[in-house]
Protein chains: 2
Amino acid sequence: MTTIKDIAKAAGVSVTTVSRALNGYSDVNEKTRRKIMDIAKQLNYSPNTLARGLVMKKSRTIGMLVSGMNRVSSKDNFTFEVLSGVNECISERDYDLVLFSTTTTKQREKTYSQLCRERRVDGVILQGMKIDDPYLKEVVESDIPCMLIDIPISSKSVGYVTTDNVLGAKRAVRHLIQSGHKNIGLVNGHDQAYVSKQRLKGYMEALQEAGLQVNGQYIASGDFTEEKAEEAGTMLLKEHPELTAIFCASDLMALGVIKSAKAVGLSVPEQLSVIGYDNILLAAYSSPPLTTIAQNKFDLGYKAANALIDMLEEKSDAQVITLETELIIRESAK
Amino acid sequence: MTTIKDIAKAAGVSVTTVSRALNGYSDVNEKTRRKIMDIAKQLNYSPNTLARGLVMKKSRTIGMLVSGMNRVSSKDNFTFEVLSGVNECISERDYDLVLFSTTTTKQREKTYSQLCRERRVDGVILQGMKIDDPYLKEVVESDIPCMLIDIPISSKSVGYVTTDNVLGAKRAVRHLIQSGHKNIGLVNGHDQAYVSKQRLKGYMEALQEAGLQVNGQYIASGDFTEEKAEEAGTMLLKEHPELTAIFCASDLMALGVIKSAKAVGLSVPEQLSVIGYDNILLAAYSSPPLTTIAQNKFDLGYKAANALIDMLEEKSDAQVITLETELIIRESAK
DNA sequence: TTGAAAGCGCTAACAA
DNA sequence: TTGTTAGCGCTTTCAA
């Protein structure tokens, strides 16, 4: 494997000169540079980023920590789209991406900062962490630059990107209200997600704005899974037959609620309107197709990566970014 | 950031001893070891993998090269499931995963081996490459250990994992034949995929086994996309109204064909049976739910990673692994 | 059982 | 414009 030493020898100059030439410094004779470049190409040289990282104390590497990237959880491709966005931005800006995963127990033994420091990543993006995840506390305590996705914690070295979940939920509920619904249920996600609190807030605000009473009995938890949401839906529909619409804090849960409606003998959307959240891939294909609040998952990742790199290159401080949502009207609500 | 030097100083020993203690060598006094370990923990030490990699010439890092991981392509989560499998195995065996992406033009400028050597990955997994991808030739020429997914190239340093695509396609077509179909169309993927050739072969063999004529007119290309498949389906159905079944070489294409059937006024499965391939997430949710040939995408990734690491650790030579498929009967064919 | 010293491939003061 | 030298944090002979 060719090193700058080899090039130096072949060109009859010092390694310093080679390093300078290769890195585009101005203080090297144009002739020498050309010669060095030629030889480098001839010898099929690639720089050793390990060596470079060691001396520069920068690896041009971003770590991404995703929870729940395992056999069962690929049902919504939320994670994948975020990852695609991160990947796109990172490669545009000439960084590399290393994937940490927290699926195995093995890695739980390592602390967050251990994970990061071992790999000498310049910064980290966290996605899918629960609000009570032990890693999270560490993130804030450590001074490793970090962007969180959908977790509103910020400091000198940590920022986050999220969507406007309050407004998103509001949009969904307002849409139902405008269609004449008065008794609107909510199947929310679990409490360990920040977005759950926000979406609950949006739900309540929309009702209040319209002069409707918030009824705690109409609110159930679906734990972000299809199965739990189905149970929650069944419960809600049985105990409160006056419900004509249910807003779900995720599409997957909306799918579960629709199942429960069918089981109870209600047709969607004729007898029960259902609105989801996320606009996952399945939303357009399920029957009926899901009316939902879309969020741009690719952008979530892309912007997180972009802000992180800005931060690393000192182009900006830790940023807080909020993306917009959009109501997608399909056929599950009317 | 703590280094072994700091530990050495604190423990009153040499860095050599610290290194040996930390790496579990036997030739270090138990007392000294304990002392060193304690201090390391106290100082919150993490080894610098860059430095280690530099001297060891091993990074314990696997690169994964995926093509088409971008904004539009997240429609089938094939890639994501493979990635999840790779990730799972890699973290179990205590390696790290770096993601190369070939989406941007920028990286096309770098050759495959440049990409790998710069990052000093110990091995690579390639997924989603077309058969005429320029990278592919390099893979074989270079001696970087590599596992391919769904591309049957092997050598001393490269192996692959794939499913039995001939048999898979056969299973689909046999199922149709058993249901009484005689005029069976094929919407295949593009020619740049190895699997296309295999699935075509399976299609033909199944027909021949049953004593049915292969009719070239019944075969069209859907280019692995929903849109192209819809066009192909429309063409096929208009020109050959005698077709009662179409086998599609991917689920996404099956979705397209079903659309075309609806457009032409044919109901699925009453008037046209459709079978897909892959068993992607959507398959179970589309209407009608897709009868399809399932392949275990997670395992595809997991096994590739596992074989690669075996190879790196010299537990085995480059392997060739073939996974089984399974016919999943749903409602799009009868 | 321990330490001194060399070196992995690279960058960066400093000097010339 | 170029070279000398030191050093990033680690592993590994070799010698004690």
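The table that follows gives values for the structure above.
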item: Selection count where residues are open to solvent by less than 60 Å² (accessible area, probe 1.4 Å) and either hydrophobic (A, V, I, L, M, F, W, C) or within 14 Å of chain B (Cβ to nearest Cβ) (or both), scope the stretch A:238-269; result: 18
item: Any hit, the stretch B:242-256, residues being without any contact (Cβ under 8 Å) to a residue 24 or more places away in the chain and either over 20 Å from the mean Cα position of the chain (by Cα) or assigned by TED's automatic domain parsing to the domain that holds B:K156 (or both); result: no
item: Residue within the stretch A:14-32 that is among the hydroxyl-bearing types (S, T, Y), away from DNA strand C (no atom under 13 Å from the Cβ) and surrounded by 17 or more Cβ atoms within 10 Å (Cβ to Cβ) present; result: no
item: Top-ranked residue in the stretch A:49-65 [being more than 11 Å from DNA strand D (Cβ to nearest atom) and part of a loop (DSSP other than H, G, I, E, B); ranked as surrounded by the fewest Cβ atoms within 10 Å (Cβ to Cβ)]; result: A:K58
item: Among the candidates B:R120, B:R171, residue that is within 14 Å of chain A (Cβ to nearest Cβ), touching a residue at least 40 places away in the same chain (Cβ under 8 Å) and open to solvent by 40 Å² or more (accessible area, probe 1.4 Å); result: B:R120
item: Matching residues in the stretch A:1-44 - criterion: being in a helix (DSSP H, G or I), polar (S, T, N, Q) and within 11 Å of DNA strand D (Cβ to nearest atom); result: A:T16, A:T17, A:S19, A:T32
item: Matching residues, the stretch B:123-144, being modelled with pLDDT of 85 or more and crowded, with 21+ Cβ neighbours inside 10 Å; result: B:G123, B:V124, B:I125, B:L126, B:Q127, B:M129
item: Failed item, numbered, when B:Y112 is tested on (1) open to solvent by less than 50 Å² (accessible area, probe 1.4 Å); (2) touching an Asp or Glu at 6+ places or on another chain (Cβ under 8 Å); (3) at pLDDT below 80; result: (3)
item: Yes/no for B:G180 being part of a helix (DSSP H, G or I) and either in contact with a strand residue (DSSP E or B) (Cβ under 9 Å, 6 or more places away or on another chain) or not hydrophobic (A, V, I, L, M, F, W, C) (or both); result: no
item: Top-ranked residue in the stretch B:1-13 [being away from DNA strand C (no atom under 11 Å from the Cβ), open to solvent by 40 Å² or more (accessible area, probe 1.4 Å) and not charged (D, E, K, R); ranked as modelled with the lowest pLDDT]; result: B:M1
item: Test: residue in the stretch B:128-137 that is within 14 Å of chain A (Cβ to nearest Cβ) and either under 21 Å from A:G63 (Cβ atoms) or in contact with a strand residue (DSSP E or B) (Cβ under 9 Å, 6 or more places away or on another chain) (or both); result: yes
item: Test for B:V274: is it open to solvent by less than 50 Å² (accessible area, probe 1.4 Å), at pLDDT 95 or above and not in a strand (DSSP E or B); result: no
item: Selection from the stretch B:277-320 of residues that are acidic (D, E), within 18 Å of the chain's Cα centre (by Cα) and not in a helix (DSSP H, G or I); result: B:D278
item: For A:K58: the one exception among (1) at pLDDT 90 or above; (2) more than 8 Å from chain B (Cβ to nearest Cβ); (3) under 20 Å from A:L323 (Cβ atoms); result: (3)
item: Answer from B:E270, B:E314 - the residue that is out of contact with any Asp or Glu (no Cβ under 6 Å at 6 or more places or on another chain) and on the phi < 0 side of the Ramachandran plot; result: B:E270
item: Top-ranked residue in the stretch B:211-237 [being of a type in the set (G, A, S) and open to solvent by 60 Å² or more (accessible area, probe 1.4 Å); ranked as farthest from B:G265 (Cα to Cα)]; result: B:G211
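The values are calculated or read from the model by the stated rules, or taken from the named source; none is laboratory data. Keep in mind that what you see is a predicted model, and the values were worked out from it rather than measured. Virtual Cβ from ideal backbone geometry, glycine too; neighbours counted across all protein chains shown. Areas reflect the complete protein model, heavy atoms only, side chains present, ligands, DNA and RNA absent. Shrake-Rupley method; radii C 1.70, N 1.55, O 1.52, S 1.80 Å.
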